[in-house]
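Below is one structure, written out as structure tokens; comments come after it.
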Amino acid sequence: MSDQAEAQRLRHPRPGITHDNRFFWEGLRSRELRIQRCAACHQLQHPPLPLCRACHGLELGWVRASGRGVIHSFVVAHHPPVPPFSYPNVIVLVELEEGTRLVSRLAGLDPDDVAIGLPVVVDFEVVDGDLALHLFRPAAG
Ligand SMILES: [Zn+2]
């Protein structure tokens, strides 16, 4: 790995990967948005937890989300700039069509045009060989 690539890798924050959320991060590397689902009551939840929030069941699996949703809420971060993120940084709370929400980043739209209810679709960003991230873009049409 070049010094520049190593610097880039070290600069990007790493997620805390545990037994409970490993499927999620592995899914992103496979360009899949995976959402935890309780095997007993089928409740979806994100972020992943060791047990079901609804029924406290311990048997948890996951489903592959469609990646489609709408912006439920958002904030446009301007300051302070924190490498390696670019600014203004549009941080969105996306309501997935499966009915759960997750925090992500929005790309492909002027920050002044971001609106609650805007349809979005997931995309993936490969940071390096160990890490891929999700982000959202405005849905076509
Ligand atoms: Zn449950």
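General observations
- Condition check for Arg31: more than 14 Å from the ligand (Cβ to nearest atom), on the phi > 0 side of the Ramachandran plot and under 15 Å from the mean Cα position of the chain (by Cα): yes
- Among the residues of the stretch 87-128, those identified as assigned to a loop (DSSP other than H, G, I, E, B) and open to solvent by 70 Å² or more (accessible area, probe 1.4 Å) are Tyr87, Glu97, Asp110, Ile116.
- Any hit, the stretch 63-81, residues being farther than 25 Å from Gly117 by Cβ, of a type in the set (A, V, I, L, M) and open to solvent by 30 Å² or more (accessible area, probe 1.4 Å): no
- The test for being in contact (Cβ under 8 Å) with a residue 40 or more places away in the chain, under 13 Å from the mean Cα position of the chain (by Cα), surrounded by 12 or more Cβ atoms within 10 Å (Cβ to Cβ) and farther than 12 Å from Phe74 by Cβ holds for Leu131.
The values are calculated or read from the model by the stated rules, or taken from the named source; none is laboratory data. As the structure is a computational prediction, the values presented were derived from the model and not from experiment. Note that we place each Cβ from the backbone using ideal geometry, even for glycine, and neighbour counts take in every protein chain shown. When the accessible area is computed, the model is the full protein with side chains, heavy atoms only, and any ligands, DNA or RNA have been set aside. Shrake-Rupley method; radii C 1.70, N 1.55, O 1.52, S 1.80 Å.
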